[in-house]
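All remarks here apply to the structure that follows.
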Amino acid sequence: MAEVTPENLEGELAELAAALTAPGERECLRCYLVRMVAEFGCDGTHRWAARWRDARAASPGGLLRELRRRGGFCDCEVLLTVFPDYPPVSGPLPCAGIPGAGSPRPCRLRPPGHGAP
Ligand SMILES: [Zn+2]
Ligand SMILES: [Zn+2]
């Protein structure tokens, strides 16, 4: 049995953290930011938007610039100003799926109790 040393424990924790903060296979940018900001908070940068971009965006080049242009200068501001139509719920809703591969557009969420649009 392998011995658990501080070194390989750290590696395992880092891997676990990476898995916990990875965007879902079809998770849209908005739902990912809602989930990450609710869980880990905003540090005043685009740290989560950049994570999503690196993992999912089809054209990563201008994404953060575009978010800033629309008034989102950090992850929580992106949620307030770029994606203001999130339903008033107490916790993150499951993502309905990215509208197009690599697209930064939000999915079409169905707020609970509202049936089909
Ligand atoms: Zn913020
Ligand atoms: Zn979504």
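Laboratory data are not the source of any read-out in this text; all were calculated from the coordinates shown. Quantities reported herein were computed from a predicted structural model and do not represent experimental measurements. Virtual Cβ from ideal backbone geometry, glycine too; neighbours counted across all protein chains shown.
Highest mean packing comes first when the peptides 3-14, 63-74 are listed by Cβ atoms within 10 Å, giving 63-74, 3-14. Shown is the FRET efficiency for T81 and A14, computed with R0 = 22 Å from the Cβ-Cβ distance and rounded to the nearest 0.05: 0.10.
Take 33-40, 19-26 and order them by the average number of nearby Cβ atoms within 10 Å per residue, most first; the result is 33-40, 19-26.
Computed from the Cβ-Cβ distance with R0 of 25 Å, the FRET efficiency linking R68 to A38 stands at 0.70. From largest to smallest, the equivalent ellipsoid semi-axes obtained for the chain from the alpha-carbon gyration tensor read 28, 18, 14 Å. Across the stretch 1-101, C-alpha contacts under 8 Å between residues 6 or more apart give a mean separation that, scaled by the residue count, equals a relative contact order of 33 percent. Summing Cβ point charges (Lys, Arg +1; Asp, Glu -1) relative to the Cα centre of the stretch 22-117 gives a dipole of roughly 280 debye. Shown in residue order for the stretch 62-68 are the 3J(HN,Hα) couplings computed by the Karplus curve 6.51 cos²θ - 1.76 cosθ + 1.60 at θ = phi - 60°: x, 4, 5, 4, 4, 5, 5 Hz (x for Gly and Pro). Counting only residues 5 or more places away or on other chains, whose amide H sits under 5 Å from the amide H of L109 once H atoms are built in the peptide plane? Residues meeting the criterion, in which the H sits 1.01 Å from N, do not exist here.
Any idea what angle helix 6-20 forms with the longest principal axis of the chain, computed on alpha-carbon atoms, 0 to 90 degrees, nearest 10? That helix lies at roughly 20 degrees to the long axis.
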